[in-house]
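Notes follow once the structure below has been shown.
Read-outs: derived from the displayed coordinates by stated rules, not from any lab. Since the structure is predicted, the reported quantities are computational estimates derived from the model, not experimental observations. In this analysis, Cβ positions are derived from the backbone assuming ideal geometry, glycine residues included, and neighbour counts consider all displayed protein chains.
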């Protein structure tokens, strides 16, 4: 099987940088601290009151899950907003376009590179989230839904990062715009969930609807990136 | 064959190319010369398919440049004026990566990479990181990279800019060897001696227009014809000036040291008639020859900076007219 050369090259580069180990340590470290603090407060409360509240264990899961989503949203723009603009800065984008690589290969290679880092974060954090199983708590379906939401968010946020990176020449501007776009998208999503009754969306359709919308937007954003980096003939404005 | 026909390209209000027409035959070594900002890089990027013209056509072997035809991309190797490097990749990884970009992964490719690194003198350093290479080594690596898929056409955009004389010489030798192997080479440069030594054909571009194009010998012959005739005279210049004044084809006369420099609009036969007249008028002529032209003088002349040069060359100048 032929692996995307851009992905392979980016993996070699990222394996040589400090970014990945630092990121894994920070994300899992902060999640661990959060979960351990929660466990500490539950056990302290149990010592004082003599009661163990099992609902509080479930709370750990929700807090850790929300923190992980937040971390993914914060990390992804930083990971991806230099992906295409970095190639442009290094003057390698033109070189890549003169090879037999399709611009689509460049975009998907960048996406795969970002996803490999994000999914590493997601899967290495699973043991921390599994603390909720100590006393039982969530169903397999809920766990699957959460992982699928993380994967979807990773793809969506990476697509936003890659898209703005293909438009902006400076990484700082690309990162700022990516954060704004992610903030707006997730605000709209939460608003749709909260006001689903007013919007007339049936409850059983809201979750599939969100997933379909995010995947469709991801594809659209990647398509825009591909179009933008492909050299193209300028359209003539019609006269008269 | 590469051909650009009446190509126009503008960025905002700036016209980068303004009706450029250019033809490069198969197997030619084409020198592309022009002042900074004349449109060389834009034209080169169009041939490589990285830019599209607003008007006109750019064809490479009867295929439209930039048409994303894999066959076309396979034919072109591009060395830009910047190396385009990945600092944390090793030299060998960089070459492997670009081989992958051309879908080349077999043992033959591995051997080819080693041969290319050997050709550019980087085989011993193949495990070094790219950020440890100086400008010269990076340009050599860029050349090796451009040749990885054995392209028929090699395009070099100011490849020797910023190199030290030794590396420049080595680079020139490599390019000359590649030209001998039958590749079509398009090289843009501001080092005019380099172009005149290496190339078989030349195109001079100014403000997005081709101002002169052709075989390098023909172009230099044209330069010679527009240069002044230098007449060395033993003794007084008076009789010579009188004889020259009588000739209608003498446009102007200036004096440099004890020589006369005349602008003469006649043919070679007219030149010999003029010499005959001078001798018959009793002028003691020691020397009579046309000043040799070079690419630099042509370039300065065509790009409109000739006048400055004249002033620095001629110590004394006297306008000459019949009134």
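The relative contact order of region B:1-129 comes to 20 percent, based on Cα pairs under 8 Å that sit 6 or more residues apart. For the pair region B:166-187 / region A:173-239, the C-alpha centres are spaced 51 Å from each other. In region B:150-306, Cα pairs under 8 Å separated by at least six residues give a relative contact order of 22 percent. If you take the Cα centroid of region B:76-125 and the Cα centroid of region B:259-294, the two points sit 57 Å apart.
Averaged over residues, the count of other Cβ atoms within 10 Å places the peptides A:157-166, A:43-52 in the sequence A:157-166, A:43-52, highest first.
Could you tell me what percent of the DSSP beta bridges with both partners in the protein assembly as shown are antiparallel, to the nearest 5? Don't skip to the end; give the middle numbers.
Working: 37 of 54 bridges.
Once the DSSP bridges in the protein assembly as shown are tallied, antiparallel ones form about 70 percent.
To the nearest 10 degrees, how steep is helix A:103-124 against the longest Cα principal axis of chain A, on a 0 to 90 scale? So the helix axis and the longest Cα principal axis differ by about 10 degrees. Can you give me the Rg/Rh ratio for region B:2-214, using Cα atoms for both radii and the Kirkwood formula for Rh? Using Cα coordinates only, the ratio equals 0.96.
From the helices alone, meaning DSSP H stretches of at least four residues, give me the mean residue ellipticity at 222 nm for chain B, per-run term -39500 (n - 2.57), in deg cm²/dmol to the nearest 500. Write out the running numbers ahead of the final one.
Working: 12 runs with 121 residues, N = 323.
Roughly -11000 deg cm²/dmol at 222 nm, from the helical runs in chain B.
Distance between the C-alpha centres of region B:206-220 and region A:100-161: 59 Å, rounded to the whole angstrom.
Over region B:226-313, the alpha carbon radius of gyration divided by the compact-protein estimate 2.2 N^0.38 Å works out to 1.12.
Per DSSP H run of at least 4 residues, take -39500 (n - 2.57); add these up for chain A, divide by its residues and hand me the 222 nm value, nearest 500 deg cm²/dmol.
On the way: 11 runs with 192 residues, N = 240.
Theoretical 222 nm ellipticity from helices: -27000 deg cm²/dmol.
Just counting partner chain Cβ atoms within 10 Å, what average do the residues of peptide A:81-93 show around their Cβ? All intermediate terms of the calculation are to be shown ahead of the outcome.
Details: counts 0, 0, 0, 0, 0, 1, 2, 0, 0, 6, 6, 6, 2.
Rounded to a whole number, the mean comes out at 2.
How many Å³ per residue does the convex hull of the Cα positions in the protein assembly as shown occupy? Intermediate results must be reported in sequence, preceding the final value.
On the way: hull volume 130.4 nm³, N = 563.
Looking at the protein assembly as shown, the number lands at 232 Å³ per residue.
Contact order, relative form, for region A:144-240: 41 percent (alpha carbon pairs under 8 Å, 6 or more residues apart, mean separation divided by residue count).
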